[in-house]
């Protein structure tokens, strides 16, 4: 006597299934295991069986099942076959087509990320190979300096300065700057003075020199001299612009000065 492995389950098919999985057999094999096979696709369906092709093509029942949310299992038909042959209901997660879709989407996003990194590398830095450098106090060397050039009508000018660190070891570094002429500008210009990545000191010097040229302030004085120069200079604000951010940066600057002393 078959076990009641489909009790309280309502099973439907997204379309014709291969082999012996005809509507008649699906109905009979489900019912003798105390489940119910539905020829239509009502709201009470708990499990939808499909082939990979039906799922990939998003046939109507698959599209509808995806809209209903995770409470409705969308499963490869092998789930039904292996469950009935072994007289033990198999874990849905092992046959979930939603999980397959999630994997495909993740793979697609990863491919897009790698392609974007490769394209960025042609004019900027390949983000597949580099990440933003953080110092020992976890300060990220990716900062914005801004100004409003009212004479040119370019409000919200912004440079984003970055010091990149290679994923590979021993680490190499690369300074870059991205410039937006105005707020909402969708065509930034890029500045990468070094033809290739180098040791930390050389690229850090480029970072701090660029900062001083644009702000008129030494990197070590960026907090104490904040907003003390004319508006023609680019302005820097500590992370978040909060008192906590100021205190953190002041502490970090003291550490930097002691290290250089």
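Kindly establish whether residue 135 is surrounded by 13 or more Cβ atoms within 10 Å (Cβ to Cβ), out of contact with any strand residue (DSSP E or B) (no Cβ under 6 Å at 6 or more places or on another chain) and modelled with pLDDT of 90 or more. Judged against the criteria, residue 135 is a match. Tell me whether segment 172-182 contains one or more residues that are closer than 26 Å to residue 110 by Cβ and in a loop (DSSP other than H, G, I, E, B). Checking segment 172-182: at least one residue is closer than 26 Å to residue 110 by Cβ and in a loop (DSSP other than H, G, I, E, B). Taking segment 74-125 as the search range and keeping residues that are surrounded by 18 or more Cβ atoms within 10 Å (Cβ to Cβ) and over 30 Å from residue 25 (Cα atoms), which one is nearest to the chain's Cα centre (by Cα)? Looking at residues that are surrounded by 18 or more Cβ atoms within 10 Å (Cβ to Cβ) and over 30 Å from residue 25 (Cα atoms), I get 125.
Yes/no per residue for (1) in contact with a strand residue (DSSP E or B) (Cβ under 8 Å, 6 or more places away or on another chain); (2) in contact (Cβ under 8 Å) with a residue 24 or more places away in the chain; (3) part of a helix (DSSP H, G or I):
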position: 40; (1), (2), (3): yes, yes, no
position: 45; (1), (2), (3): yes, yes, no
position: 48; (1), (2), (3): yes, yes, no
position: 55; (1), (2), (3): yes, yes, yes
position: 61; (1), (2), (3): yes, yes, yes
position: 64; (1), (2), (3): no, no, yes
position: 67; (1), (2), (3): no, no, yes
position: 70; (1), (2), (3): no, yes, no
position: 84; (1), (2), (3): no, yes, yes
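Residue pairs whose Cβ atoms lie under 6 Å apart, separated by 6 or more positions or on different chains, with the first residue in segment 23-38 and in a helix (DSSP H, G or I) and the second surrounded by 14 or more Cβ atoms within 10 Å (Cβ to Cβ), are 26/37; 27/37; 29/84; 30/6; 30/11; 30/37.
Beta carbons closer than 9 Å, at least 6 apart along the sequence or on distinct chains, pair a first residue in segment 104-128 that is under 20 Å from residue 192 (Cβ atoms) with a second that is modelled with pLDDT under 90 and surrounded by 14 or more Cβ atoms within 10 Å (Cβ to Cβ) for 126/120; 127/120; 127/121; 128/120; 128/121.
Going by the conditions given, is residue 71 over 23 Å from residue 189 (Cβ atoms) and not assigned by TED's automatic domain parsing to the domain that holds residue 230? Lay out the reasoning, then the answer.
Details: over 23 Å from residue 189 (Cβ atoms): yes; not assigned by TED's automatic domain parsing to the domain that holds residue 230: yes.
Yes; evaluated as a whole, the condition is true for this residue.
When segment 72-81 is filtered for residues that are touching a helix residue (DSSP H, G or I) at 6+ places or on another chain (Cβ under 8 Å) and part of a helix (DSSP H, G or I), the ones remaining, listed by number, are 78, 79, 80. Residue 185 meets each of the listed conditions (1) closer than 27 Å to residue 136 by Cβ; (2) modelled with pLDDT under 90; (3) within 28 Å of the chain's Cα centre (by Cα); (4) surrounded by 14 or more Cβ atoms within 10 Å (Cβ to Cβ) apart from (1). The set of residues in segment 147-168 being more than 25 Å from the chain's Cα centre (by Cα) and either over 23 Å from residue 213 (Cβ atoms) or surrounded by fewer than 17 Cβ atoms within 10 Å (Cβ to Cβ) (or both) consists of 148, 149, 150, 151, 152, 153, 154, 155, 156.
The values are calculated or read from the model by the stated rules, or taken from the named source; none is laboratory data. In this text, all values refer to a predicted model and were calculated from it rather than measured experimentally. Note that we place each Cβ from the backbone using ideal geometry, even for glycine, and neighbour counts take in every protein chain shown.
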